[in-house]
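Single-structure report; data block below.
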Amino acid sequence: MILDEIILHDFGTYGGRQTITLTPESAERPIILFGGLNGGGKTTLLDALQLCFFGNVAQCAGRADLAYDEFLRRSVHRGAISSEAGIEVSFRHTVDGSEQRWRLSRSWTANDTVKERFQVFRDEVFDKAASEHWSTQVEEFIPARIAPLFLFDGEKVEKYADLEEAPALIRTAIQNLLGLDIVERLGSDLVSIEKKRKSDLAAPAEAEELNALREDIQSLVTNRARLLRERASGLNDMDQAKRRSLELDQRYEREGGALFEDRGRLEAELAVTSRGKDAVERSLRELAGGALPLALVADLISDVAIQAKLEEERGRSAQTADILASEYNEVLGLDGILGLSSEAREEISNHLQRRLDAYRSKADGPRYLNLDNTTSAMAETIATTGLLDVQAQAKELLSQHKHLVSNSEQLKGTLAAVPSQASVAELISQREAAKDAVRLAEFEQKKRDDEISRLERELEAARAKEARLLENVARQKFEQEDVARLLAHSSRVRSTLEQFRTAVIARHVSRIEQYVFDSFQQLARKATLLTGLSIDPVKFHLSLRGGDGQALTAERLSAGERQLLAIAILWGLARASGRPLPTVIDTPLGRLDSEHRSRLVSRYFPWASHQVMLLSTDKELSGPDYQALLPYVGRCYHLRFNEVEGRTIVETGYFHEEAA
């Protein structure tokens, strides 16, 4: 497995989006070196890797005792524009000789609630199954329980050198390395099955339960029969109540009850009709006060209009003749006319006289009206359209008036037939009482139907249970024999599994002891400090032997030697796992003296794995140690915290003075 890239988006001290290439440049240079001051984001980078891979079960240093959602909320960069953060990790993994490229994307928003989103891409294609079952899938790459063998803080590993603390790590590692966690789960599952099936061997109470059930069935049958009788009697009562109610409804109808109920509507309709009739009568009076009376002398008005028009035309002709006579005299007196021959002048004079006579003939006739233009136009309008419109309106209003009068009389007749309140009050009371009786009878009948249905369901369930109990009683003897056989087989299987577990551990524990011992010898300054170590295959206690062959306690080791022992334990277990996984170490040289540091630099870091990420301060890997490590370093990064921007910025190169 090779880590190729990590992208941090507003995670912890890393503000904005920052991409870090992690691919080693070559097999000879497996180390990716990160330099950063305290608080610069080294541990945050280690947390980011673990969080992206393991989510809620990640052993992040920054989480402490925080709930997962609260840890995610606090991991959002304080200067983020939105309350959102994310981590992406790209890596390669080889399966059966075929290399696959994987990309993990874990992001979350932290508003009122924290919402996390996790996606897995394989060869740049979204893998839904892997995304939904990543907790299982990740075990194929780097099991969460052995992650501390490959991802750890150098300052905190010393606890593994405590012979009281080491067994837990060794046990977990061996269980996972040898696949014994599956054996342990199988044994636990068998114990759970045995506990469950042992309860089946207890003397069952089917016989007593069957007798009690049969009593319940008899009670249900009795109650059902009673309710059926009550329902039949109630049906007769309900039919009688319905007949009584129907008779009262018919009598109510005959005695005008419907009209009584409709009285309010009839009175309102009569009031509306009366108001409509009054409105029509007002409109007729308005017409009678206007032009309507002129309809009585319509022919005379028509003759007046014709005579007025004729007189108007005669007046215009007389005016025209007077104007023409004056003009003709002027024309005949013109020099041009006088210079003509007498015959020509006479012909012109005769022609003009004929035209003048024509106009005067049109003006002849009596003119006894002598109306002005306005009065004449009014007479013509009344004669042609005014009277026709008024007559049409009057006809329509008279038709409406007739209809309204008819409706009014009809409504008054209907209202006269409405019975009084006193005459129907008793009948109304009887009718309502009859309807209440019907509703009560129907309600009681429905209650009986529901109760009968409930009893029938309970009876059906009870009889089905009775059948099952009878089958159980018949099967009981055979089942108890089967359970006894199953428990015997399960016990033998558990015993076999325990023997298998013990044998596997005993077979492999010596190999693991040798890996751990060789790792320590490679790191230790004193070749005779430790001459042997052993691991208890039952309790996984680690025992050390000193140079004198006697037992050596961890307290007799210096702090640096204990740290080297802890690293040797992690290195040896990682080598025993046979998994080609990257190793990531935070604060790799903390609290070590110069000689111990040089041993780690020269004998551990270059060989810890095919890919090693070191997260160092400026006081750890510097000077000669840095120069000794440099031939194995493929990439260098400086984690520089920008005080102005309030974020860590990833820059290429180690601390400037070292890089120089």
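The values are calculated or read from the model by the stated rules, or taken from the named source; none is laboratory data. Computed from a predicted structure; not experimentally measured. Ideal geometry is used to build each Cβ from the backbone, glycine not excepted, and the neighbour counts take in all protein chains shown.
General remarks:
- Some residue of the range 555-571 being crowded, with 20+ Cβ neighbours inside 10 Å, on the phi < 0 side of the Ramachandran plot and under 47 Å from the mean Cα position of the chain (by Cα): yes
- Subset of the range 601-660 [surrounded by 18 or more Cβ atoms within 10 Å (Cβ to Cβ) and of a type in the set (Phe, Trp, Tyr)]: Tyr604, Phe605, Tyr626, Tyr632, Tyr637, Tyr654, Phe655
- Residue within the range 241-251 that is small (Gly, Ala, Ser) and exposed (fewer than 13 other Cβ atoms within 10 Å of the Cβ) present: no
- Answer residue from the range 579-600, given it is out of contact with any helix residue (DSSP H, G or I) (no Cβ under 7 Å at 6 or more places or on another chain) and farther than 26 Å from Glu5 by Cβ and is surrounded by the most Cβ atoms within 10 Å (Cβ to Cβ) among those: Gly590
- Test result for Val280, in contact with a His (Cβ under 7 Å, 6 or more places away or on another chain) and surrounded by 14 or more Cβ atoms within 10 Å (Cβ to Cβ): yes
- The number of residues in the range 420-439 being hydrophobic (A, V, I, L, M, F, W, C), farther than 19 Å from Lys242 by Cβ and either modelled with pLDDT of 85 or more or in contact with a helix residue (DSSP H, G or I) (Cβ under 9 Å, 6 or more places away or on another chain) (or both) comes to 1.
- Applying the set (1) in contact (Cβ under 8 Å) with a residue 60 or more places away in the chain; (2) surrounded by fewer than 23 Cβ atoms within 10 Å (Cβ to Cβ) to Phe34 leaves exactly one unmet item: (2).
- Strands (runs of 3 or more DSSP E) enclosed by the range 1-69 - at least 1 residues per element that are under 33 Å from the mean Cα position of the chain (by Cα) and closer than 18 Å to Ser90 by Cα: 2-11, 14-21
- Where helices (runs of 4 or more DSSP H) fall entirely within the range 561-659, none has at least 2 residues that are more than 19 Å from Leu523 (Cβ to Cβ) and of a type in the set (Ser, Thr, Tyr).
- Candidates in the range 323-351 are the residues that are of a type in the set (D, E, K, R) and loosely packed, with under 14 Cβ neighbours inside 10 Å; of these, the one that is nearest to Pro366 (Cα to Cα) is Glu327.
- Residue check for Leu581: farther than 30 Å from Ala27 by Cα and modelled with pLDDT of 85 or more: no
- Selection status of Phe118, of a type outside the set (Val, Ile, Thr), touching a Phe, Trp or Tyr at 6+ places or on another chain (Cβ under 7 Å) and closer than 30 Å to Glu140 by Cβ: yes
- The residue of the range 229-261 that is farthest from Asp436 (Cα to Cα), among those that are free of Cβ contacts under 8 Å to residues at least 40 places away in the same chain and among the polar types (S, T, N, Q), is Ser233.
- Scanning the range 71-97 for residues that are surrounded by fewer than 17 Cβ atoms within 10 Å (Cβ to Cβ) and among the aliphatic types (A, V, I, L, M), we see that the one that is nearest to Ile2 (Cα to Cα) is Val95.
- Residues that are modelled with pLDDT of 75 or more and either β-branched (Val, Ile, Thr) or more than 30 Å from Arg485 (Cβ to Cβ) (or both) are absent from the range 178-189 altogether.
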